[in-house]
Amino acid sequence: MLLLGSHISTQGGPSNAIERAVHIGCTAMQIFVKNNMQWHATPFTEAEATAFTQHPLHNKLGAIVAHAGYLINLGVEKTINHEKSLLSLAQELIRCEQLHIPFLVLHPGSHLGAGAAHGIRCVVESLNQIHADHPNLQVRIALETTAGQGSCLGSSFKELASILEQVSSPDRLRICLDTAHVFAAGYDLSSPQGAEKVFHEFDRIVGLHQLCVLHINESKASLGSRVDRHDNLGQGKIGLEAFRWIMQAEELAPIPKILETPKGKDLVEDVVAMKLLRSFIPNFL
Ligand code: FE
Ligand code: FE
Ligand code: ZN
């Protein structure tokens, strides 16, 4: 089964996202499990959780992942915001668990001037603390590759690998690769040869077996710009060949592919992009 979909709004409750996703032909989807610009949320009610997990269309989605809120930053030392980040992340993990969502995509964090090495140490300690405080969670945090804007950590495969190497329970983590982010970070996947090289390098440094989600985004920003601006497929700086290669790569076939590209309320752009991506797979029915 091709696992292809997009980031879907949960407006009106998380179960509504399932309906929206299936309605536009998604076989995978990503959601926020709480308002992505707010710190805290209490657990879902029993009714909200079962409306989601028991939804009659739930089995049409072969993969459901969540994306963590944007305020969370694990890359800093014990500050008020760091305390809030730990609490917020724990609340999101619990909400994922209630919805039986296996992966929560998280940007590793920003060092805010203290330097990458220090930032990575903070991320590692924060993840260790979260893991220690919540030993029985099934949901895994999937650290996302970033564009490297400002002091954002995670723009190189090496940084992500070093987090995986240093945490006490690396098996509780996975990785999400975002095409727009890696391109802006300097990984040139614009040609088929380039894409092959980038994924080969990812495999060598991080390991393809760690990859649990692909974010399929075009980039408005150029190669190596370190600027995070998503664009629609066919309109950005990466070009369609990269996406054709990704859709055809056998090793990436089982990985859920999620669009995070600009769209209006009717989600027409997602429908068009998914149709284009499917057309890249030879003999796809
Ligand atoms: Fe992200
Ligand atoms: Fe992303
Ligand atoms: Zn982005």
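Taking Cβ atoms as reference points and 14 Å as the exclusive limit, the residues near T45 contribute a net charge of 0, counting Lys and Arg as +1 and Asp and Glu as -1.
Residue ranges 221-229, 165-173 sort as 221-229, 165-173 when ordered by packing (mean number of other C-beta atoms within 10 Å per residue, highest first). Think of a 1.4 Å ball rolled over the protein heavy atoms: segment 28-86 then has 49 Å² of accessible area per residue.
The listed residues S85, S156, once ranked by accessible area (1.4 Å probe) with the largest placed first, stand as S156, S85.
By its C-alpha gyration tensor, with a ≥ b ≥ c as the square roots of the eigenvalues, how is segment 10-161 shaped: rounded for a/c under 1.5, else prolate for a/b larger than b/c, else oblate? Cα axes put segment 10-161 in the prolate bin. Computed over protein heavy atoms with a 1.4 Å probe, the accessible surface of segment 192-236 works out to 48 Å² per residue. So the label point goes 7 Å from the Cα of D203 along Cα→C-beta, right? Which residues of segment 216-247 then have their backbone N under 19 Å from it? Counting backbone N atoms under 19 Å from the label point, the list is 242-247. Entry note, the chain: the mean residue ellipticity at 222 nm calculated from DSSP H runs of n ≥ 4, each adding -39500 (n - 2.57), is -11500 deg cm²/dmol after division by the residues and rounding to the nearest 500.
The Cβ shell under 13 Å around S168 holds other residues with a net charge of -3, Lys and Arg each +1, Asp and Glu each -1. Seen from S155, the other residues with C-beta closer than 12 Å to its C-beta sum to a net charge of -2, counting Lys and Arg as +1 and Asp and Glu as -1. Annotation for segment 1-70: chymotrypsin sites (Phe, Trp or Tyr not before Pro) lying in DSSP loop with at most 13 further Cβ atoms inside 10 Å of their Cβ are Y70. Considering only the Cα atoms of segment 155-211, their convex hull presents on average a projected area of 3.6 nm². Expressed as a whole percent, the accessible area of the chain that falls on carbon and sulfur atoms is 53 (1.4 Å probe).
Of all lysines in the structure, the ones whose alpha carbon falls short of 27 Å from that of K158, not counting any fewer than 8 places away in one chain, are K78, K197, K220, K237, K257. The charge dipole of the chain, taken about its Cα centre with unit charges on the Cβ of Lys, Arg, Asp and Glu (plus for the first two, minus for the last two), comes to roughly 300 debye.
The values are calculated or read from the model by the stated rules, or taken from the named source; none is laboratory data. A quick note: this is a predicted structure, and the numbers were derived from the prediction, not measured. In this analysis, Cβ positions are derived from the backbone assuming ideal geometry, glycine residues included, and neighbour counts consider all displayed protein chains. Heads up: the accessible areas ignore ligands, DNA and RNA and are worked out on the full protein's heavy atoms, side chains in. Shrake-Rupley method; radii C 1.70, N 1.55, O 1.52, S 1.80 Å.
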